[in-house]
Amino acid sequence: MNTYRAGNCFNVLSGLMAALLVSSLIGTSSVYSGEKTAETEEGWIELFNGKDLTGWTIAEGGPFEVKDGVIEVTGKRSHLFTNKEYKNFEFKADVKTTPGSNSGIFFHTKFQEEGWPTQGYESQVNVSHKDPVKTGSLYNRVKLFKTPAKDNEWWTQHIIVDGRHVIVKINDQTVIDYTEPEGATGSPSLGEKGSFALQAHDPKSVVYYKNIRVKPLAD
């Protein structure tokens, strides 16, 4: 083979290999550089589009605002309900509280024009509010007086419901593993579909939500 041609072939192959390596590194970087979103998690459905409250209904004229892809919750008592209902599911939301703030994530609930929701369960959102029941608790069912969540830091609140079994995780740490007893009395019920709802608790509480998504599970 002509030495000149062999040298050219070698240079071309070396160039191609380098280009492929760079492309591979760029691709790998793009996968891991951003936070995981609903689009990259198989089977997950966005409940909040990051722009407005399409798919949600506000009760009592609540103070729910969308700012820079985040739902800001502050002001008088009110609740923001999803229009769609779910029975068995995994639910995730990224949450951040400011000091002294209180909120909650309801599931298996129903839209109410006013008042505290009387149906479903509430997964508490509270790091340092005076209420001793802290983030991750199933309010009125399983109380936590300490939480791994921290004010002014984003955490992921992960709720899994499968039949009467409920698991709550904070940043992948399981804080609640609860099974509703057969014939349980009171308003909470896991037997039928229900909405999710975010709570505005009081004018002094400021809480933020983003990346709200659900993964339906088989009934």
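The values are calculated or read from the model by the stated rules, or taken from the named source; none is laboratory data. These numbers were taken from a predicted model, which means no experiment stands behind them. Neighbour counts are summed over all protein chains in view; Cβ atoms, including those assigned to glycine, are modelled from backbone coordinates with ideal geometry. When the accessible area is computed, the model is the full protein with side chains, heavy atoms only, and any ligands, DNA or RNA have been set aside. Shrake-Rupley method; radii C 1.70, N 1.55, O 1.52, S 1.80 Å.
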Sites matching chymotrypsin sites (Phe, Trp or Tyr not before Pro) across segment 106-186 that sit in DSSP coil, with at most 13 neighbouring C-beta atoms within 10 Å: F145
Stretch gain in nm, segment N152-E42, where the contour uses 0.36 nm per residue and the Cα spacing is subtracted: 36.7 nm
Value of relative contact order over segment 118-168, rounded to a whole percent, pairs C-alpha under 8 Å and six or more apart: 24
Carbon/sulfur fraction of accessible area - segment 81-219, other protein chains in place, 1.4 Å, %: 47
Per-selection metrics, segment 152-219 (Cα): Rg and Dmax in Å: 14.3, 40
Net charge of Cβ neighbours under 14 Å - reference G194; Lys, Arg +1; Asp, Glu -1: 0
Spin-label zone in segment 85-106 - amide nitrogen under 19 Å from a point set 7 Å from the Cα of E192 along the C-beta vector: 85-89, 106
Accessible area expressed per residue, segment 85-219, with surrounding protein chains retained (probe 1.4 Å, Å²): 44
When each of K130/K169; K51/K87; K67/K130; K150/K193 is checked by Cα-Cα distance, pairs over 24 Å: K51/K87; K67/K130; K150/K193
